[in-house]
Ligand SMILES: [Zn+2]
Ligand SMILES: [Zn+2]
C-alpha cells in the first residue's frame with residue numbers, strides 16, 4: 001500500500017510552489033488579478049424637484065428614502081465578476097455640493113471558493129427634471145372629469161369640501177400603489193356644482209365610489225372621443241356624480257309618512273315623526289318624496305299633557321294647544337320642553353338628537 005503524496009504545483013505566474021491553483025494561479029496571484037466589480041466613475045440620476053421621484057429603468061418611481069434610491073442606482077450600475085456568489089453591497093454617502101455626492105461602495109463576494117472584497121467611489125450627479133406626473137399636473141392634464149352635483153338641489157359647500165377630501169385621500173393611496181396619474185389637476189367651480197379634473201380615467205370611478213360609500217348617491221359615466229394616438233382612439237371619461245336629494249335632518253313627506261332623514265341611498269332611511277318608527281322607503285315617480293322642513297328650523301315648546309297614545313303640545317306661534325299622536329321616541333314628562341318643527345303639513349315632534357347625530 002502506498003499513500004499518494006500531495007502533488008507539488010507551481011504557479012505559472014509567479015513560479016511559487018503551491019498546493020492548490022485558482023483559475024490556474026496561486027491564491028495570491030489570483031486575488032491580485034481579480035476584478036470583482038466594475039463601476040462607472042460617475043452616475044447621473046434624474047430627480048423631480050417637485051415630488052422627489054427619480055427616473056430609473058425607463059420610468060419615474062417614487063422612492064421614499066434617499067439612501068434606498070442611491071443603493072438602487074449603484075446596484076444597477078455595478079458589473080459584478082461573472083463567477084461571484086454571495087454578493088454583499090454596502091454604501092456610504094459623502095456630500096460634495098447641492099447636486100453632487102460621492103458614494104463609497106464596498107462589495108464582498110465569494111469567487112472560486114475564496115472571499116473577495118472590493119471598494120470603489122462613484123460620483124453621483126443629481127439632475128433636476130420635472131417628472132411626468134408633475135408636468136402633467138402643471139399642464140392641467142386630465143383623462144376624466146368627476147362632476148360633483150346633488151339631485152334636485154344645489155350641492156352644499158360642506159359636501160364639496162368633503163368630496164374633495166375623500167378624492168384627495170383615495171388618489172394619494174392610488175398614487176402610492178403605482179397609478180402615477182391619480183391626481184387632481186384642476187378644480188372648477190360652476191353655478192351648478194364643482195368639476196374635478198383627474199389624471200387617470202380609472203381613478204375617476206373609484207373617486208365616485210368612495211364618495212358614495214360615505215355620502216350616498218349614484219353616478220353615471222360617459223366616455224367622449226377626444227382624438228387618436230398611435231392608431232388608437234383616445235377617450236376621456238365624464239363621471240356625473242349625484243349626491244342624494246335628501247340629507248340628514250331633512251323632514252320629508254312620502255306617502256302617508258313624515259320622515260326625519262338620516263341618510264339616503266336607493267331608499268330614504270330615517271325616523272317616522274308620526275309614530276316614531278324607523279323606516280326605509282323607496283321614492284319613485286308614483287310615490288314621490290317632498291321635503292317639507294328641516295331639523296335646522298326646529299324650535300322648543302312645552303309638552304302640556306300626555307294621554308294614552310297622544311300628547312298635547314303648545315304651538316310656539318299661536319300658543320294654542322295641539323293634539324298629536326305620541327311618537328315612540330317621546331319619553332319626556334308633561335311640563336318638559338320638547339323640540340318641534342313646523343312644516344306645511346303641520347307641527348311635528350322631533351327626537352332629542354337625530355339618530356346619526358346631524
Ligand atoms: Zn502566483
Ligand atoms: Zn414629480
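Looking only at residues in segment 137-154 that are buried (at least 19 other Cβ atoms within 10 Å of the Cβ) and modelled with pLDDT under 95, the one that is farthest from ligand 1 (Cβ to nearest atom) is 142. When every residue of segment 114-128 is checked against the conditions, none turns out to be surrounded by 15 or more Cβ atoms within 10 Å (Cβ to Cβ), touching a residue at least 40 places away in the same chain (Cβ under 8 Å) and within 21 Å of residue 205 (Cβ to Cβ). Quick check on segment 195-210. Is at least one of its residues in a loop (DSSP other than H, G, I, E, B), under 30 Å from residue 94 (Cα atoms), within 16 Å of ligand 2 (Cβ to nearest atom) and in contact with a helix residue (DSSP H, G or I) (Cβ under 8 Å, 6 or more places away or on another chain)? No, there is no match, as no residue in segment 195-210 is in a loop (DSSP other than H, G, I, E, B), under 30 Å from residue 94 (Cα atoms), within 16 Å of ligand 2 (Cβ to nearest atom) and in contact with a helix residue (DSSP H, G or I) (Cβ under 8 Å, 6 or more places away or on another chain). Residue-level check: of (1) away from ligand 2 (no atom under 16 Å from the Cβ); (2) out of contact with any strand residue (DSSP E or B) (no Cβ under 8 Å at 6 or more places or on another chain), residue 83 misses just (2).
Do the conditions hold for residue 40, that is, is it surrounded by fewer than 18 Cβ atoms within 10 Å (Cβ to Cβ), touching a helix residue (DSSP H, G or I) at 6+ places or on another chain (Cβ under 9 Å), farther than 30 Å from residue 184 by Cα and at pLDDT 90 or above?
Values: surrounded by fewer than 18 Cβ atoms within 10 Å (Cβ to Cβ): yes; touching a helix residue (DSSP H, G or I) at 6+ places or on another chain (Cβ under 9 Å): yes; farther than 30 Å from residue 184 by Cα: yes; at pLDDT 90 or above: yes.
Taking the combined requirement at face value, the residue satisfies it.
Which residues, counting only those in segment 7-53, are within 16 Å of ligand 2 (Cβ to nearest atom) and touching a residue at least 24 places away in the same chain (Cβ under 8 Å)? Scanning segment 7-53 gives 45, 46, 47, 48, 49, 50, 51, 53.
Checking the stated criteria, residue 102 turns out not to satisfy the condition of being outside any loop (DSSP other than H, G, I, E, B), over 30 Å from residue 177 (Cβ atoms), within 16 Å of ligand 1 (Cβ to nearest atom) and not assigned by TED's automatic domain parsing to the domain that holds residue 172.
Exactly one residue out of 276, 335, 309 is surrounded by 15 or more Cβ atoms within 10 Å (Cβ to Cβ) and at positive phi: that is 276. Taking the numbered list (1) touching a strand residue (DSSP E or B) at 6+ places or on another chain (Cβ under 7 Å); (2) surrounded by 20 or more Cβ atoms within 10 Å (Cβ to Cβ) in turn, residue 264 passes all entries but (1). Once segment 77-97 is narrowed to residues that are in contact (Cβ under 8 Å) with a residue 24 or more places away in the chain and not in a strand (DSSP E or B), the residue that is surrounded by the fewest Cβ atoms within 10 Å (Cβ to Cβ) is 96. So, residue 71, is that one within 16 Å of ligand 1 (Cβ to nearest atom), under 20 Å from residue 106 (Cα atoms), in contact with a strand residue (DSSP E or B) (Cβ under 9 Å, 6 or more places away or on another chain) and part of a helix (DSSP H, G or I) or not? Criteria not met by residue 71.
Just one of (1) touching a residue at least 60 places away in the same chain (Cβ under 8 Å); (2) closer than 30 Å to residue 290 by Cβ; (3) in a helix (DSSP H, G or I) fails for residue 149. It is (3). Look through segment 3-46, keep the residues that are near ligand 1 (Cβ under 8 Å from one of its atoms) and assigned to a strand (DSSP E or B), and return whichever of them is farthest from residue 106 (Cα to Cα). The qualifying residue farthest from residue 106 (Cα to Cα) is 18.
The values are calculated or read from the model by the stated rules, or taken from the named source; none is laboratory data. Values in this document were obtained by computation on a predicted structure and should not be read as measured data. We place every Cβ from the backbone using ideal geometry, glycine too, and count neighbours over all the protein chains shown.
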